[in-house]
Amino acid sequence: MKTIVSGIQPSGCLTLGNYLGAIKNFVSMQNNASEDDNIFIFIADLHALTVPQDPAALRKNIRSLAAIYLACGLDPNKSTLFVQSEVTEHSEIAYLLQTISYIGELERMTQYKDKKQKQVEGVSSSLLTYPVLMAGDILLYNADYVPVGEDQRQHLELTRNLAERFNSRFSETFKVPECLIAKVGAKIMSLQEPTKKMSKSDPLEKASIFLLDPENVIRKKIASSVTDSDGVIKFDPINKPGISNLLTIYSCSTGKSIDELVEQYKNSGYGDFKKDVADAVINLLMPIQEKYNYYLNSKELDEILDNGRDKATYFARKTLSKMKRKMGIIRKK
Ligand code: ATP
Ligand code: LTN
């Protein structure tokens, strides 16, 4: 029996990077899982709160992310889908783990250093403790595997350190989880600055393809994506980051290998190539959008999240009471 845990923040419209780097892998792991495996996929709303959010927009984004999960193929009969804040044990484990985390190791996190620069109203203390909450999300369910994009690797390393630290201080309690990062697609880059990752909070709209972008917008964004002037289609992320990113997107959207695509387009110009990349992305996203619209307004959505919350709570409570007992915060032994 294996346990898989992952989550995404409802901090805006999801991008193609979130799909190719994360959700696509959740779905394939789910579809390859055996009957007794446990898969927990949640909406990381507490994480979204680490930077200022508009409450009405956040409420909408939470529901929208749940509909996206379902539209992308997560199946509530195989995966437990839930909203993080509805399982209050997440906040509680985060506090307990903070007692064994060091400020120095949190200050070293690159995501913290990056996001800190962007805050205009001051840096919340939750931005610093964010990776501890994430470690809690994972350890609550005793995960074996955590599928994420490349940018989360450092947070996973911290999670592993905290699990080992807890085990050595309070006796064997947690499994030390493994980070699963896809070979291709783990870091989809911005269409406008292809040396930077595509991100849902990028203020430059045309830098990202959103999962819910209409067809004509996708075509325009890909057609105007930044490339280079040497006119050759080959995979070279250092010298040709724009074309390499489009090759990655094309490959992940169709299942064709990058080598195959390079061979196929060896005599083509960028214009034709970009048109085909856009077609591939549109073929991938249109069926997802159709299902999304169905789920967003369905009654099923709430039932699925209610059931998911109850199932996750059952597992989370067990872990938390074990932890508390080991830490000595229990009245009777
Ligand atoms: P934000 O811009 O709000 O920080 P984000 O777009 O980086 O958000 P997250 O919610 O932090 O998205 O990430 C959700 C999942 O998607 C994570 O597993 C993350 O690694 C993955 N992911 C995010 N961006 C990309 C990308 N450009 N390429 C591949 N995977 C990505
Ligand atoms: N921090 C992650 C989202 C996230 C997560 C998790 C991923 C929160 N908790 C637990 C895997 C496991 C991000 O992508 N920003």
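For the reader, a short list of remarks on this structure follows.
- Estimated distance in nm for a label pair at Glu215 and Phe170, the labels positioned 7 Å out from Cα along Cα-to-Cβ: 5.5 nm
- Reach of Lys116 by Cα under 21 Å, taken over lysines that are not fewer than 8 positions away in the same chain: Lys196, Lys197, Lys200
- Percentage relative contact order, the chain, counting C-alpha pairs under 8 Å, at least six apart: 23 percent
- The stretch between Gln117 and Ser268 holds 50.2 nm of extra length on full extension. This uses 0.36 nm per residue minus the Cα-Cα distance.
- Label positions at Arg153 and Lys324, each projected 7 Å from the Cα along the C-beta direction, are separated by 3.8 nm.
- Electrostatic tally near Met109: other residues with Cβ closer than 15 Å to its Cβ, Lys and Arg +1, Asp and Glu -1, net +1.
- Based on Cα contacts under 8 Å between residues 6+ apart, the range 1-100 shows a relative contact order of 37 percent.
- Under the Debye formula (equal points on every Cα, no solvent term), log10 I(q)/I(0) of the range 1-153 at q = 0.09, 0.11, 0.17 Å⁻¹: -0.28, -0.43, -1.05
- Mean projected area in nm² (Cα convex hull; one quarter of hull surface) for the chain: 18.1 nm²
- Computed 3J(HN,Hα) for the range 75-91, one whole-Hz value per residue from the Karplus formula 6.51 cos²θ - 1.76 cosθ + 1.60 where θ = phi - 60°, is 10, x, 7, 10, 10, 8, 10, 7, 9, 3, 5, 7, 10, 5, 4, 4, 5, glycine and proline marked x.
- For the range 308-319, putting each phi into the Karplus relation 6.51 cos²θ - 1.76 cosθ + 1.60 with θ = phi - 60° gives couplings of x, 4, 5, 5, 5, 4, 4, 6, 5, 4, 4, 5 Hz, in residue order, rounded to whole numbers and with x for Gly and Pro.
- For the pair Ser124 and Asn161 in one chain, pulling the backbone fully straight at 0.36 nm per residue adds 10.9 nm over the alpha carbon distance.
- Here is how the number arises for the chain: DSSP H runs of 4 or more residues each give -39500 (n - 2.57), the sum is divided by the residue count, and the result at 222 nm is -16500 deg cm²/dmol.
- Debye equation applied to the C-alpha atoms of the range 231-330, log10 I(q)/I(0) at 0.12, 0.15, 0.19, 0.23 Å⁻¹: -0.65, -0.72, -0.89, -1.13
- Taking label points 7 Å from Cα along the Cα-to-Cβ direction, Leu180 and Lys256 give a separation of 2.8 nm.
- Take every Cα pair under 8 Å whose residues are at least 6 apart in sequence, average their separation, divide by the length of the range 239-291, and the relative contact order is 41 percent.
- For Ser91 and Phe235, the difference between the fully extended length at 0.36 nm per residue and the C-alpha to C-alpha distance is 47.5 nm.
- Highest-MSF residue in the chain out of Thr88, Thr319, Thr129 [GNM, Cα springs under 10 Å]: Thr88
Coordinate-derived values only; no laboratory data. Since the structure is predicted, the reported quantities are computational estimates derived from the model, not experimental observations. All Cβ positions, even for glycine, are placed from backbone atoms using ideal geometry, and neighbour counts span all protein chains on display.
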